[in-house]
Amino acid sequence: MKIAVVGATGLVGSKMLRLMEEYGLTNVELLPAASERSVGKEVEFAGKKHKVVSVPDAIEAAPDYAIFSAGGGTSLQYAPLFAQKGCTVVDNSSAWRMDKNVPLVVPEINIDAVKDTDRIIANPNCSTIQMVMALAPIHRAFGIKRLVISTYQSVSGSGMKGLQQMENEEKGLQSPVMAYHYPIHHNVIPHGGDFDDQGYTTEEIKLVNETRKILRDPDIRITATVVRVPVSGGHSEAVNIETEKPFDLGEVRKLLSQMPGVVVVDDPARNLYPMPLYAYDKNEVFVGRIRRDESVPNGMNLWIVSDNIRKGAATNAVQIVCKLIEKRGK
Ligand code: A2P
């Protein structure tokens, strides 16, 4: 089995290599690929050093799987070329997510959306993944009517650039690398991606469209505010949910604790609730502050936290590959 990791020198790509090790995907020929400037550099995988190759060289080697985390442009350009070679691409960028022929997958929820003939599979946006992990069991049981989402997203969501800007500013330096229009240290920035003419950002629209696609319900009414906060890793989300059917909070807690990959941390009397510091480097999604919203008939509030580089990106992508190998035999 040959597996290419495109963007292997990046923040998410290098985490993908660690996740492949954790999930036992080590008995493979690894093809780490990146931009031309990294060709010949070395990455560590399964106790050995591997030379970074160019993307065209990785395509030439016709791998069985290619996991991409190298930006939308790279995915648009190269994913079809891998697919033409019979390779299955799992793409972490937003390039293919809303293509109606491309399944958008969180394995615990909708791995069945992947057909045997599919050669490009999209990994959802980090904020969407952690949110739908908590929403899916609630939607199945009570039907979600409306969502009001506020995110508190860490700088690692902007790749190495985000981390470098914050680290420089923490040291009191004017950062030569700017991921944001403003300083992030000591600040909170209500701006993720680009603005549309309605005043929403691309990151907010992703939450709307991707959630509807994964939960297979185009009628859920959704509004979102995406905010960048000076946290190095781990996204947090306050989500207000209105359901069609009445629910019992005890039943909601039970459904959430039974959902694979979700951990309920909710004991206000002991000051227990999820926080990014404690979700760091974990594969699970943590849910707490589970409480009724008394302002509508069937309303509740959740606080959802996860490591955006793990379940929000690398873990989800590697889990997809593992499920497909299980299903397809290769
Ligand atoms: P490189 O390290 O050679 O620039 P991050 O999100 O942490 O910034 O990482 C982005 C990843 O995508 C890196 O591995 C980067 O490689 C890779 N990448 C960026 N542009 C291209 C490209 N045009 N072709 C292939 N890989 C690319």
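Yes or no: the range 131-149 includes at least one residue that is farther than 22 Å from K213 by Cα and either more than 14 Å from the ligand (Cβ to nearest atom) or assigned to a helix (DSSP H, G or I) (or both). Looking for residues that are farther than 22 Å from K213 by Cα and either more than 14 Å from the ligand (Cβ to nearest atom) or assigned to a helix (DSSP H, G or I) (or both), one finds none in the range 131-149, hence no. The combined condition, being in contact with a strand residue (DSSP E or B) (Cβ under 6 Å, 6 or more places away or on another chain) and surrounded by fewer than 15 Cβ atoms within 10 Å (Cβ to Cβ), is fulfilled by E244.
Could you list, in sequence order, the residues of the range 178-218 that are part of a loop (DSSP other than H, G, I, E, B) and within 20 Å of N123 (Cα to Cα)?
G192, G193, L215, R216, D217, P218
Kindly establish whether V39 is in contact (Cβ under 8 Å) with a residue 24 or more places away in the chain and among the β-branched types (V, I, T). Criteria not met by V39. On inspection, V105 does not qualify as touching a His at 6+ places or on another chain (Cβ under 8 Å) and surrounded by 14 or more Cβ atoms within 10 Å (Cβ to Cβ). Within the range 153-177, being closer than 20 Å to S306 by Cα and either of a type in the set (G, A, S) or in a loop (DSSP other than H, G, I, E, B) (or both) holds for S154, S156, G157, S158, G159, G162.
Within the range 245-271, residues that are more than 11 Å from G288 (Cα to Cα) and free of Cβ contacts under 8 Å to residues at least 24 places away in the same chain reach no partner that is outside any helix (DSSP H, G or I) and among the acidic types (D, E) with beta carbons closer than 8 Å at six or more positions or on different chains.
Just one of the listed residues (Q84, Q77) is within 13 Å of the ligand (Cβ to nearest atom), surrounded by fewer than 16 Cβ atoms within 10 Å (Cβ to Cβ) and polar (S, T, N, Q), and it is Q77. Anything in the range 39-70 that is among the small types (G, A, S) and either more than 10 Å from the ligand (Cβ to nearest atom) or surrounded by fewer than 18 Cβ atoms within 10 Å (Cβ to Cβ) (or both)? List them, or say none. The answer is G40, A46, G47, S54, A61, A62, A66. When S232, S175, S257 are checked against the criterion of being over 22 Å from the mean Cα position of the chain (by Cα) and over 30 Å from D99 (Cα atoms), S175 stands alone in meeting it.
Bear in mind these aren't lab numbers, they're just calculated from the coordinates by the rules spelled out. If you're wondering where the values come from, they're calculated on a predicted model, not measured in any experiment. Counting neighbours? That spans all protein chains shown, and the Cβs are built from the backbone with ideal geometry, glycine included.
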